[in-house]
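The values are calculated or read from the model by the stated rules, or taken from the named source; none is laboratory data. Only a predicted model underlies this, so the values are computations on that prediction, with no experimental measurement involved. Neighbour counts run over all protein chains shown; Cβ positions are idealised from the backbone, glycine included. To get the accessible areas, we keep the full protein, side chains included, count just its heavy atoms, and leave off ligands, DNA and RNA. Shrake-Rupley method; radii C 1.70, N 1.55, O 1.52, S 1.80 Å.
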Amino acid sequence: MMPLPKGRPTFCAVDLYPLRHNFREVRRKVGPGVKILSVIKANAYGHGALQVARVLEKEGSDGFGVATLEEAIELRRGEVRSPILVLAGIYPEQVDDLLKHHLTPVIGELEVMRKLESAAQRRGAKLDFHLKIDTGMGRIGFLPDERRSWLPEIAKLKALKLEGILSIFSHADSPEGSYTQNQLKTFKRLIDNIGGEGFHPPLIHVANSAAVITLPASYFTMVRPGLMLYGAYPAPEMTSQVVLKPALSWKTQILQLKTLPKGSSVSYGRSFVTQRESLIATLPLGYADGYHRLLSNRGAVLVRGKRAPVAGRICMDLTMVDVTDIGGVEQGDEVVLLGRQGAETISADEMARWAETISYEIFTSISSRVPRIHYSSEEE
Ligand SMILES: *Cc1c(COP(=O)(O)O)cnc(C)c1O
């Protein structure tokens, strides 16, 4: 069912069935009347953007959000035809590509807006765009309080057309908190203000995964979930509100097994010394694969359904684990770094705690050296 890569057996298996399931959970939450822009930036959080886009397009995703123009073009080359929003910055010299590939830029400042407007005008072209409002992230976007300086410029646009307006929460993992509520209020007030000036962009959106799960007041006409599509929860207390299934498993096989006498050191820097005669397995992956170096002497992997702790420092291309307490281990045994084996699971959240980061970074750190293999398990 799921073919192994030839040669080095380190790979990510991406099951398309949970992606479909998670998308339906988003749909169930927001209802039929709200559009869903599936966020598949950074290679769909490491899951393979093209494959994810194709699956979600069939599920009824209304469009896709990516970070960069290059990510968008890759989707177009793969025949993804849905609307694509370029979220994280656009540059005037990209106008030809925007037009050629029918991509929608997010614009968050006047200088870029003017340059895109004149470039589009020179080409006699029309270009839809979404207006980014900074309601409290201090990042990209127009400040609502300064609207008297930027709103009149929007009124003058001829080639650019305001299709959408968006903002982003800075603390959405506590969406009921007052900061999020204030951002929402600011955003609503601005929409009213620009409505009063005659602007009624059809696409109004602010909700990321956390807000999709916990804050229906933030849905407006479209939502932008990312993380939850891949089956991870933005915060642990959200597990009771939606059922998400992880799509990605990260696996390898034992490259070499050896018994080391008590008192032997393992890996660079001698940070692990055997306290007894030990069975040490070497795995064919390291931090260059995105297996975080902070997992040294801290992380664990699954072998024969049991946890084996990482022994010593993670190397660039190799990692050692202590399998002394697991019976019957053999060279070539399957090793699960992320995902389930037997009754045991290592989630992206657990790995993130070991690596002092968040699940987002665990997913996006898995490097391009690790092949992604897509398959679809049975519908349950
Ligand atoms: C990444 C991103 C999202 C998705 O956020 P999740 O927390 O992964 O759901 C939504 N909107 C913007 C602008 C983003 O950059």
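Worth a mention:
- Taken over region 245-302, residues that are farther than 15 Å from Cys315 by Cβ and hydroxyl-bearing (Ser, Thr, Tyr) amount to 5.
- Scope region 69-81; condition of a type outside the set (Lys, Arg) and open to solvent by 50 Å² or more (accessible area, probe 1.4 Å); matching residues: Glu70, Glu74, Glu79
- Counting the residues of region 44-68 that are within 16 Å of the ligand (Cβ to nearest atom), in contact (Cβ under 8 Å) with a residue 60 or more places away in the chain and open to solvent by 20 Å² or more (accessible area, probe 1.4 Å) gives 1.
- Complete set of residues in region 232-248 that are within 12 Å of the ligand (Cβ to nearest atom) and closer than 21 Å to Gly46 by Cα: Ala232, Tyr233, Pro234, Ala235, Leu244
- Strands (runs of 3 or more DSSP E) lying entirely in region 261-380 (those with 2 or more residues that are open to solvent by 60 Å² or more (accessible area, probe 1.4 Å), farther than 29 Å from Gln51 by Cα and not assigned by TED's automatic domain parsing to the domain that holds Tyr45): 306-309
- With respect to (1) open to solvent by 30 Å² or more (accessible area, probe 1.4 Å); (2) in a loop (DSSP other than H, G, I, E, B), the lone exception for Ala172 is condition (1).
- Taking residues in region 351-375 that are without any contact (Cβ under 8 Å) to a residue 24 or more places away in the chain and closer than 17 Å to Val336 by Cα, and partners anywhere that are part of a loop (DSSP other than H, G, I, E, B) and open to solvent by 30 Å² or more (accessible area, probe 1.4 Å), the pairs with Cβ atoms closer than 6 Å and at least 6 places apart or on different chains are Ala352/Ile358.
- Subset of region 95-108 [more than 24 Å from the chain's Cα centre (by Cα) and not charged (D, E, K, R)]: Val95, Leu99
- Scanning region 201-227 for residues that are near the ligand (Cβ under 8 Å from one of its atoms), assigned to a helix (DSSP H, G or I) and in contact (Cβ under 8 Å) with a residue 60 or more places away in the chain yields Val212, Leu227.
- From the options Leu160, Leu190, Leu184, Leu166, residue that is within 13 Å of the ligand (Cβ to nearest atom) and in the same structural domain as Leu116 (by TED's automatic domain parsing): Leu166
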